[in-house]
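Remarks on the structure that follows.
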Amino acid sequence: MSARMPLNPPGSWDFYISYTWQNPMASAYAEKLHRSLTQLGKRVWMDENMRRRGEVAMEEGARNSECMIAVVTDGHRTGDTPYFERLLSLKELR
């Protein structure tokens, strides 16, 4: 039986960054985190840097990461949906 190929190489990561891309501040924090961690030699899953980004790819990333970092925003000041009111954010945390 052959092993399933990962949707995004390498298939496992040190960190998974969860954030709401609709919030410019959350996106900026997430990108800065990604840049800092990769400069330290860490493997980081962040949707904007993945070939495959759909829900299945996000689940693969969340399940195959050692640590999840959630950039939590309330959304009320920026007019977007608060982090904990987004279904996808809650799925990532489960």
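Calculated [222 nm] ellipticity per residue, helices only, for the chain: -10000 deg cm²/dmol; basis is -39500 (n - 2.57) per DSSP H run with n ≥ 4, divided by all residues, nearest 500. Excluding ligands, DNA and RNA, the accessible surface per residue across the chain is 66 Å² with a 1.4 Å probe. Counting only alpha carbon atoms, the long axis of helix 24-39 and the longest principal axis of the chain meet at about 30°. Other residues within the sphere of radius under 13 Å centred on the Cβ of K42, judged by their own Cβ, net out at 0 (K and R +1, D and E -1).
So, with a 1.4 angstrom probe, what is the percent of accessible area on the chain that is carbon and sulfur?
54 percent
Between the labelled values (i) 14.3, 43; (ii) 13.5, 52; (iii) 18.8, 58, the entry that holds Rg and Dmax of the Cα atoms in Å as derived from this structure is (ii). The charge dipole of the chain, taken about the Cα centre with unit charges on the Cβ atoms of Lys, Arg (+1) and Asp, Glu (-1), comes to about 240 debye, rounded to the nearest 20. Highest average first, the peptides 59-65, 8-14 ordered by how many other beta carbon atoms sit within 10 Å of their residues are 59-65, 8-14.
The values are calculated or read from the model by the stated rules, or taken from the named source; none is laboratory data. Everything quoted here is computed from the prediction, not taken from an experiment. In this analysis, Cβ positions are derived from the backbone assuming ideal geometry, glycine residues included, and neighbour counts consider all displayed protein chains. The area values use the complete protein model at the heavy-atom level, side chains included, leaving out ligands, DNA and RNA. Shrake-Rupley method; radii C 1.70, N 1.55, O 1.52, S 1.80 Å.
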